[in-house]
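Computed from the coordinates by the stated procedures, all read-outs in this text should not be read as laboratory data. Here the structure is a predicted model, which is why all the values come from computation and not from measurement. When we count neighbours, we look across all protein chains shown, and the Cβ atoms used for this are built from the backbone with ideal geometry, even at glycine.
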Amino acid sequence: MGDVLFLIVLIAPILGIWLLFIRPAQRRSQETAQLVAHLQVGQDVITTSGVYGTITGLDDESVLLAVAPGVEVRFDRRAIGRVRQTDLPVEDGPE
């Protein structure tokens with residue numbers, strides 16, 4: 001009985017750490033890899049640093065973003081944080 005209790009006390013913290021930290025990090029990593037793999041020209045995106053832009057070009061390692069009329073910036077594909085929902089209305093500032 002003492003050996004089983006010892007094993008439970010030994011395994012429980014390891015399992016807790018895995019459930020709280022490692023598993024969510026793995027899930028986020030998979031979601032990010034899927035996002036980067038499915039980028040397409042014309043998508044509105046936000047980079048991890050907060051730059052808004054539209055994808056105008058892609059290659060294996062980088063993304064070309066139009067951030068203003070006539071201004072294009074090259075980012076690493078992994079710097080794309082999320083794809084913007086273009087069907088949502090843009091809110092203006094306080095009136």
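For this structure, a couple of remarks:
- Answer label for Cα extents along the principal axes in Å (calculated), chosen among (1) 61, 23, 18; (2) 57, 42, 29; (3) 73, 42, 20: (3)
- Using alpha-carbon coordinates, inclination of helix 2-17 to the longest axis of the chain, degrees: 10 degrees
- Global geometry of region 40-85, whether rounded, prolate or oblate, following the gyration tensor of its Cα atoms and the 1.5 cut on a/c: rounded
- Folded to 0 to 90 degrees: helix 23-37 orientation relative to the chain principal axis, Cα: 30 degrees
- In plain terms, the residue of 47, 56 with the fewest other Cβ atoms within 10 Å comes first and the most crowded comes last, giving 56, 47.
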